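Step one of this worksheet: look at the structure below.
Just so it is clear, none of the values below were taken in a lab; they were calculated from the coordinates. As the structure is a prediction and not an experimental result, all values here were calculated from the model. Cβ atoms come from the backbone with ideal geometry, glycine included; neighbour counts cover every protein chain shown.
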Amino acid sequence: MSKLIELANGQARWAEDAFVNVTDEDAIPDAGDVILSLARFEAEGDALLSSNSRRVGVRIESDQDIEVLAYDLPRIAVVALAFPKYRDGRAYTSARLLRERFKYEGQIRAVGDVLQEQAGFMVRCGFDAFEPNDGATPDAWTKAASRFRHVYQRAADDRVVAFEERAS
Amino acid sequence: MKAITANRLLDGDVVFWKSGQWVERLNDAQLFDENQAEDVDAAVATGKGQPTVVVDVYPIDLTPSEGHWAPVSYRERIRALGPTNEPTHGKQAEGGEAIEALRHAAGAARSTGRVDLIRRK
Amino acid sequence: MYQYDVIDREFLVDRSNEFRGQVSRRLAGELTEDQFKPLRLMNGLYLQLHAYMLRIAVPYGSLNPTQVRRLAEIARDYDKGYGHFTTRQNIQFNWIKLKDAPDILDKLAEVNLHAIQTSGNCIRNTTSDPYAGATSEEVDDPRVWSEVIRQWSTLHPEFSFLPRKFKIAITASAKDRTAAKVHDIGLLMRQGRDGQLGFEVIVGGGQGRTPYVGPTIKQFLPTDRLLSYLEAILRVYNRYGRRDNIYKARIKILVAALGAEEFAKQVEEEWEKIDAERADLPAGELARIRDSFATTPFETLPARSEAFELAKAKDSAFARFVRNNVRAHKQPGYAIVEISLKATEQTPGDATAEQMEVVADLAERYGFDDVRVTHAQNLVLPHIKLDDLPTVFAALQANALATANIDLISDIIACPGLDYCALANARAIPIAQDIARQFADPDRAEEVGELKIKISGCINACGHHHVAHIGILGVDKKGEEFYQLSLGGSGAEDASIGKILGPALPADKVATAVDQLVAAYLDVRTDGERFLDTYRRVGLEPFKEAVYVQAD
């Protein structure tokens, strides 16, 4: 089990990760929550989900489009969006689309090269769980995500935008 | 002949390796001849292991000039001296023999026009 | 000018605190250089040849005297007493220390300045017409829209880690003073048939290794749909721009690969899915921003100023200054005044702290607190009374700011080049100075007329050499500095990419070559033809011969 930070009500805290990341080569455990690659999910996801006894998550690489999950989203517990390198910003788009366009309500998890300096952007794009790659603690994560009192544009979070603040 | 250069993290200044320290003048830098390739690698590795002191550590080639050593590459000469458009800025402002030797160094990037590009009609 | 409110100011304070924290983490070894680099780049801090360089944002080229004075202070206190104005209307300081950068950002924030996103793979400074609000040519004030884009793009959480840098320019006049067509997005403001305002949207222009004049992706975008359409473009780019090769990562590569039509289609499809109500700017906020650019309180004056006419008749230097550096203003009795930072023997685009203070004083006393930066590395006082022009000229003259060479051959754009820049292959500044010296005689320069020379020290083209009438690119040929000339580029509304003239020349042959090109031009030009026009009429051959073939 890797270290997982979860965000709830604006607070970050350590969480026990119930999910097992299953590689494409491994057998899927008989029981328990699993995260599969997109290819594996497309092949075996239906069977797992119909058993109704476990939660299933999907890992999306940065060069994969999340639209392919659209139909299954209501049944997917976790979408893990990979940052192969923290500079690869495609997962920010994927997270926003999941939240805003597809109204996804499950967990969006940041995995890979995940650093606290990008916490603010991730939270705004709709990520609510993080596997930090830099030893960040929940406290550091909360601090990093709350550096700015104001934001200038709408995103996937519910922050009041500058022009809304001005109008009120 | 080689020396090792880097930029100091705190102020970006050009520095040179000298026996485990970083000095500001190329004239004070430690020199490595062709038999000391391993020493060069070791020093570069040490430098790269000091990320809170220096960044961009790499060896440079030197050529003799007026009893001193000057970088072969024009870019490294500018780093060792300062910008050519403002002689009072950068390390060159100190003046002195070593600086003059650097400024007079022949070879790279003093284009003499020797490449014959002009066709005669 | 846009007025910062409490929200804008708190934002800058928070940003500057964030950076201070990031610098501390870096110095403590909690961040590697690899992790720190984009963070410092997104605050404009480069590591260059001699020191750090700080690029401070001048949003759409607009400054007030308080800001200019603070920049002068920073030049004195943290640098070597000068600053350099850039081809994106920003200002750079060449001798900055990392440890001072947090303090500098604090001092900038006090006067509503910052260095946010002036580098990095994010949306950069949106540039615009330096004559905005002063020229009668514009269909709307492009600063309004530049400010809209500035706020929207500031710390945009989805678009802060793009495949590569992203540059937007916006112009609202038929004459393009922003090089919009060679930007990642160029927005050309237009008036629709029914008088409605909109943008012609150009995407995928660019310079660098693969220069392109960008294709029009959308003929007419209503202004109230600007932000949602930009979001669509940026999203398509963020998802599908190449990330495997930094030389193929700009949006121009994606547009070229898909073809303009397919790219436009993908943007349109994405745009249709975007919730306009959430994405586009509310009318109330647009009105608030527009109000801060509300009409300057011009006096009602006669079009003709006797003091001005008298000074022109008496002082030939003043007359020359008026001929070259002064432009018509929309308001009778006023003028737009360009301040050349291209005096002979000076580094192009540089201004000393003292010079900055002179400009600040003039703007305050005579110019409605309004100073602009042009992408040709010059400054503008956009609103000066003709009555005051002789006095303003005298002050400029006393401070080496009155070189009467705007758009002439000695008004050269040059990047800092190998003298300062870690990316450069060759120096640009001495080449500019050689040429300027060659054409220092103001009569000769005027005789030659409009001739835009632009010099880049490397293929990154910060000197805009691809869109120069005579472009000069420094290359490294076996360790020596050589220069490749190109002809016929233009960054204006008639945008074109220059054609290479011939083999690269050694440094000491460049000024001579320019001389030969000018001679060839003067030889065949017809009435009223600029160099660019003559080139377009007669082609490359006569010029090629002039430089590369010698009669015995």
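List the chymotrypsin sites (Phe, Trp or Tyr not before Pro) within the stretch A:18-87 that fall in a DSSP loop (any state other than H, G, I, E or B) and whose Cβ has at most 14 other Cβ atoms within 10 Å. Please report the intermediate quantities before stating the final value.
Details: sites: A:F19, A:F41, A:Y71, A:Y86; in loops: A:F19, A:Y71, A:Y86.
For chymotrypsin sites (Phe, Trp or Tyr not before Pro) across the stretch A:18-87 that sit outside H, G, I, E and B with at most 14 neighbouring Cβ atoms in 10 Å, the list reads A:Y71.
Across peptide B:4-15, the mean count of Cβ atoms from other chains lying within 10 Å of each residue's own Cβ comes to 5. The distance linking the stretch A:1-42 with the stretch C:10-79 is 39 Å (Cα centroid to Cα centroid, whole angstrom).
Put simply, the amide H of C:V203, placed in the peptide plane, has neighbours under 5 Å in C:G186, C:I217, leaving out anything fewer than 5 places away on its chain.
Ignore the peptide's own chain and count Cβ atoms of other chains within 10 Å of each Cβ in C:148-159; give me the average, rounded.
Numbers: counts 0, 0, 1, 5, 5, 2, 4, 9, 7, 19, 16, 5.
Mean inter-chain Cβ contacts per residue within 10 Å come to 6.
Rounded to the nearest 0.05, what FRET efficiency is calculated for B:Y58 and C:T300 with R0 set to 56 Å and r the Cβ-Cβ distance? Mind dumping the intermediate values first?
Working: r = 65 Å, r/R0 = 1.17.
That gives a FRET efficiency of 0.30.
Cross-link pairs exceeding 19 Å between alpha carbons, from the set C:K165/C:K454; A:K103/A:K143; B:K2/B:K48; C:K80/C:K107; C:K97/C:K454: C:K165/C:K454; A:K103/A:K143; C:K97/C:K454.
Between exposed GluC sites (Glu not before Pro) in chain A, where DSSP calls loop and at most 12 other Cβ atoms lie within 10 Å, what's the longest gap? Segment A:26-104 is the longest. What is the distance in Å between the Cα centroid of the stretch C:525-552 and that of the stretch C:198-249? Taking the Cα centre of the stretch C:198-249 as reference, the centre of the stretch C:525-552 is 35 Å away.
For chain A, the mean residue ellipticity at 222 nm estimated from helices alone is -6500 deg cm²/dmol, where every DSSP H run of n ≥ 4 contributes -39500 (n - 2.57) and the total is divided by all residues, rounded to the nearest 500. Shape call for chain B from the C-alpha gyration tensor, a ≥ b ≥ c root eigenvalues: rounded (a/c under 1.5), prolate (a/b greater than b/c) or oblate? Taking the square roots of the gyration eigenvalues as a ≥ b ≥ c, chain B is prolate. Mean residue ellipticity at 222 nm, helices only, chain C: -11500 deg cm²/dmol; runs of at least 4 DSSP H residues each add -39,500 (n - 2.57), and the sum is divided by the number of residues.
Under a no-solvent Debye model with one identical scatterer per Cα of the stretch C:152-302, what's log10 I(q)/I(0) at q = 0.16 Å⁻¹? At q = 0.16 Å⁻¹ the computed log10 ratios are -0.93. Close amide H contacts of A:F83 (hydrogens built in the peptide plane, cut-off under 5 Å, sequence separation of 5 or more or a different chain): A:V111, A:G112, A:D113.
Checking every one of the trypsin sites (Lys or Arg not before Pro) in the stretch C:449-552 against DSSP loop status and a limit of 10 other Cβ atoms within 10 Å picks out C:K478.
The coefficient of translational diffusion for the protein assembly as shown, derived via Stokes-Einstein from the alpha carbon Kirkwood radius under 20 °C and 1.002 mPa s, stands at 74 µm²/s. For chain C, rounded, prolate or oblate, judged on the Cα gyration tensor with a ≥ b ≥ c (square roots of eigenvalues), a/c < 1.5 rounded, else prolate if a/b > b/c? Because its axes are fairly even, with a/c under 1.5, chain C counts as rounded. Across the stretch C:254-263, computed HN-Hα scalar couplings (Karplus, 6.51 cos²θ - 1.76 cosθ + 1.60, θ = phi - 60°) run 5, 5, 5, 5, 7, x, 4, 5, 5, 4 Hz from first to last residue, x flagging Gly and Pro. Taking the Cα centroid of the stretch C:160-184 and of the stretch C:253-306, what is the distance between the two, rounded to the nearest whole Å? The two parts, judged by their Cα centres, are 12 Å apart. How would the stretch A:1-113 be classified by its alpha-carbon gyration tensor: rounded, prolate or oblate, with rounded meaning a/c under 1.5 and the a/b versus b/c comparison settling the rest? Because its axes are fairly even, with a/c under 1.5, the stretch A:1-113 counts as rounded. For the segment C:476-483, counting C-beta atoms of other chains within 10 Å of every residue's C-beta and taking the mean gives 5.
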